[in-house]
Every structure is written in C-alpha cells, then in structure tokens.
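Report on the following structure.
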Amino acid sequence: MESIGANTTFSGAFLKHLALVTMLIDHIGVVLLSEMQLLRMIGRLSFILFTFLLAEGAIHTRSRLKYGLRLFALALISQVPYSMAKYSETFVFDDLNVFFLLASSVAMIQVMDLVKGQRFEYIYKVLIVAAFSLVGYNLNIEYDFYGYALVACFYQWHGDKGSILVAVTAVTIALLPLFLIFVDGIKIPKAVFYSLHEAIGLISLVFILNYNGEKGRQIHKAFYYFFYPAHLILLIIIKDAIM
C-alpha cells in the first residue's frame, strides 16, 4: 500500500487493496471471531469503497456488458462459499451475495444514462434507483437499497467531492434508517443503531475524496475478481479445522 502522509492522494490500487483488507477483517469477524465487534466495525469501510470502485469501473470500462457479465459470473461462483460462510449450508437461495448487487448496479447505471439530459432527469433517476432497490429487496440481495443508492451517488456526482460527501452521508444516516423503518418494518431504535453502525464506513470517504484518478500499482485483474470467493473458502477451511 502507499504511504500516508501530509497532502497524500490515493490511487485506485490503494483503494482496492484497502477495500479487500477491510473486507477480509470483516469476514474474519463473521466467520471466525463473531464476539470481536471491532472487526465488524473496521469492515464497514469496505462496502462504501466497493460501491465507489464499481461506479469508477462502470465509467472507465471499455464494455459495460462484459464488465457486468464478469461480475454476475463471479456472483454465481461466490454464492456457494458465501452460503457456507454465513449459514454453514451449501447453497442458500434467499440471501444473495454482494456481487449480485454490484453486477446489477452496472445495469442500473446503464439505465440511468438513458434518461441523461431529459427534462425530469433527477426524478427518473430516483425512480430507477427505487426500481432496482425493490427488485434487490425482493431477491434479498445483500445491502439492496443502500448499495444501489451509494452506487448512484458515486456515479451521478463523479468528480464532485462536495456533492459526494453530502449525498453519501445523507443516504447512510437519513435514507437508510427510513428504508429500514418503513420498508423492512424494523423498529426505530434498531434502525437508527444499524445506520450508525454503517456510518462508521463513512471514514472511507477520507480516502475516496482524495482519490487521484490514477490506477496505481495493481496486481493481476484475476486476483481482484477471485479474492472474494477464495478468501471465504479459506475462512471456511480454517473454521472447520479449529472447531
């Protein structure tokens, strides 16, 4: 990783590596050390980073179709280790891993582009995010509304640091608890607690807002794609070995 000092900016490689490390820490907390809540708190940084990187990927990829299909293929591959890590079952159909969210977010961005420049553009885009959120919610895709809303914010206000800061913060501490209360039917105290827990991830904006737009020194592309299922499989093996 890059050294952190005064006036530091961060490359795409740094953000990817930070996202992977914090995700790994989070999943160690889920699979192996559930009593250590600090690990889950550190892990909150990873999801916001991944949604930012997804939006960046959709902007810079040569083919969104191929990009989305790669993510969808990875989602299918990852569902078995995800199910085993979270539920100790081979395949769970009613809880889909986060790569289904990321893959479908590429499609959402493509649909958002169809209404760009139209008279009621922002209203249409809100409806598009709502539609994808509704589908994601009914399919029980991990993070559903929260994920789609974050991706939409990073894509819509790409390069506008002030708007990203306001939008992502508002989604996390205001819209997320409202969604949990009025859609999920979660009681107010629990919904507020959950949103505050996720709000720890806003620390990741320190790195995102200092992104320098450069790729940086990256590992082979396959590493980033297969890290997710591979690390889950490794954690499952370790869990089985120590239990």
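Throughout, read-outs are computed from the coordinates displayed, never taken from laboratory work. What you see is a predicted model, and the numbers here were worked out from it, not measured in a lab. So basically every Cβ, Gly included, is an ideal-geometry build from the backbone, and we count neighbours across all protein chains shown.
Key figures
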{"quantity": "Positive minus negative residues near residue 168 (Lys, Arg vs Asp, Glu; Cβ under 12 Å)", "calculated": "-1"}
{"quantity": "Restraint check, 125/221; 86/239; 161/221; 16/86; 66/221, Cα-Cα greater than 21 Å", "calculated": "125/221; 161/221; 16/86"}
{"quantity": "Under 14 Å, Cβ to Cβ, from residue 79 - net charge with Lys/Arg +1 and Asp/Glu -1", "calculated": "-3"}
{"quantity": "Value of [θ]222 nm, deg cm²/dmol, for the chain, DSSP H segments ≥ 4, -39500 (n - 2.57) each, nearest 500", "calculated": "-23000 deg cm²/dmol"}
{"quantity": "Per-residue HN-Hα couplings for the stretch 91-100 [Karplus 6.51, -1.76, 1.60; θ = phi - 60°; Hz; x = Gly/Pro]", "calculated": "8, 9, 8, 9, 8, 9, 5, 5, 6, 5"}
{"quantity": "Centroid-to-centroid separation of the stretch 15-73 and the stretch 167-243 [C-alpha atoms, Å]", "calculated": "6 Å"}
{"quantity": "Most to least packed among 114-122, 16-24 [average Cβ atoms within 10 Å]", "calculated": "16-24, 114-122"}
{"quantity": "Potential lengthening between residue 186 and residue 199 on full extension [0.36 nm per residue; Cα-Cα distance subtracted]", "calculated": "2.9 nm"}
{"quantity": "Local electrostatic count at residue 108 - Lys and Arg +1, Asp and Glu -1, tallied over other residues with Cβ under 14 Å", "calculated": "+1"}
{"quantity": "Ranking of 227, 47 by count of other Cβ atoms within 10 Å, fewest first", "calculated": "227, 47"}
{"quantity": "Label-point separation in nm, residue 241 to residue 89, each point 7 Å along Cα→Cβ", "calculated": "2.8 nm"}
